[in-house]
Structures are given as C-alpha cells and as structure tokens.
Amino acid sequence: MQRLRVQAGQVALAQFQNQHLDAAAKLLLSEDIDEFLSQISTVEKVNENQNSVLQDFQQEQAGLADLEHSAKTDLAALDQQQKELAKLRAASEQKVTESKAVLAKLTADQQRQIALEEQKAAAEAKAEAERNGTETSRDGTRQSDVPVTGSGRGAKALAFARQQLGKPYRFGATGPNAYDCSGLTGAAWRAAGVSLSRTSQSQFHDGRPVAKSDLQPGDLVFFYSGISHVGLYAGNGMILHASRPGKPVEYIKMSYMPYAGARRPG
C-alpha cells in the first residue's frame, strides 16, 4: 500500500504539471509533427500505465480495508474468548479451593478410600475400553493401533483423542503436550477438519443436538448444570476426556457425571 501510494502521488503530480496545456495546443506549438506524434504515442502509453497504477492502488486499498475489518472481527472474538476463559479459570480455581478445603477435613483413611475408588473407576473404564476394542487388543496391540469403530469425522476426532491418552490436564491448554477438557475436544475435531469454539460452554452451541440414545463415536458429551465439562463419546456409555488437574486424559463412564446434553459437530 505504501509503495502504491507513492506511485499514485507521482501520477497525480505529473497530471497536475501537464494539465495547463492540452494536445491541440501542443500540436500548434510543435515545429516537428513527426516528433509530436511520437510523443503523443508515448504519452498515451504513460497514461495507460498511470491508470493501471491508480487501479492497483484502489484494489489494494479495498483489500486492506477488508483485512482491517477482518482483523477487528477476529480481535473482538478473541477478546470475548479471553473473557470467557478468565471466568472459567476463576470458577475452576474456586472449585479447586473448595475441594482442597473438603479434603483437608477428611481423615487419612477417608482420603485413601477416595483414592481407591478413583483407581477402581479408572480400572473399570480401562476394562470397558478393552472390551470395546478402544484401548488394547487381546494380542497386546496398543490402543492407538486399533481401528476406531464408526465412520466419518467423529471417528477421526476420536482417533486423534485416543492418541492423547495419558497426557496431563492443564487449564487453558490446547495441546499438544497437555489439554483441558475443551482443549482436547477442539484439537480432536480440528484434526478431523472441523473448527470448534474454545470453551465447553460455547461448544455446547456447535454442531447439532444429539439424543443420548443416538450417540456416535466422537460426539461431544456435556456434563453438569451450567455446562462446565465436555468429553468425546467413545461408545458403550464411555467418554474420553481431560478431566482435572492431577489426572491424565482418560476414559470414564458417562454415568459418573451428571449428563447435560450432546452435540454432533461437522
């Protein structure tokens, strides 16, 4: 734009400098007709070039205006996402604080019991995944080498998410080394060619609603009142999700959390 602006200014200056004498007057004042006609041909060519410069300038100017508008729109969307994330972070930190306060009141035996129950739930989820062929096959093949049941983009999203099993949870993380719940679902569906909103609350408006009885692999499944958690449906009542700090990306039964709805992107 700056380069074309300079050229356009030069064109305008040239037109101003020559506007006081038209072609007819120059013909009357010229002593050499052939030279004059040659000059006229050159002038016409220069005018064509000048017009081309002005057109290029106008096109680039319009393009720049479109880019500026697009940038402002993207910036506004990013600002809104940052505000949503800040609210979710504050809510998450509050829940962590409350959870720590509750845990601090428990006896050592009670804390061990909770840990055992979590281990039992993880073992049950893994066993269920093995039966579905989504974790490890009977011959010891790793889950990432076993085909995902289903088809289409949902299956591709779930296949990507399975590659992230065992990676840590980190609030605000979108991969590839760590994820939060919506960071995992967003990355999984992005790998399938579909862009999702950033947070679990906003992802609840992506795609179309799906009945619980019609869930397919890769569908987004949401939990809790107010929508504060999301995972990917993995079949047979299981989801794959990034749950909370201290726990890796894993399978879990849907029934362990209060179901809030489901969506099918793409």
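Between Ala76, Ala121, Ala104, Ala62, the distinction of being of a type in the set (A, V, I, L, M, F, W, C) and under 22 Å from Arg198 (Cα atoms) belongs to Ala76 only. Among the residues of this structure, Ala115 counts as one that is loosely packed, with under 11 Cβ neighbours inside 10 Å, hydrophobic (A, V, I, L, M, F, W, C), part of a helix (DSSP H, G or I) and at pLDDT below 80.
When segment 249-266 is filtered for residues that are in a strand (DSSP E or B) and closer than 17 Å to Ala159 by Cα, the ones remaining, listed by number, are Glu250, Tyr251, Ile252, Arg264. When Lys87, Lys100 are checked against the criterion of being under 23 Å from the mean Cα position of the chain (by Cα) and part of a helix (DSSP H, G or I), a single residue qualifies: Lys87. If I ask for residues that are hydrophobic (A, V, I, L, M, F, W, C) and modelled with pLDDT under 95, which ones from segment 160-169 would you list? Leu165 - this is the single residue of segment 160-169 that is hydrophobic (A, V, I, L, M, F, W, C) and modelled with pLDDT under 95. Among what's in segment 228-266 and is closer than 23 Å to Val96 by Cβ and of a type in the set (Gly, Ala, Ser), pick the residue that is surrounded by the fewest Cβ atoms within 10 Å (Cβ to Cβ). Here the residue is Gly246.
The values are calculated or read from the model by the stated rules, or taken from the named source; none is laboratory data. In this text, all values refer to a predicted model and were calculated from it rather than measured experimentally. Neighbour counts run over all protein chains shown; Cβ positions are idealised from the backbone, glycine included.
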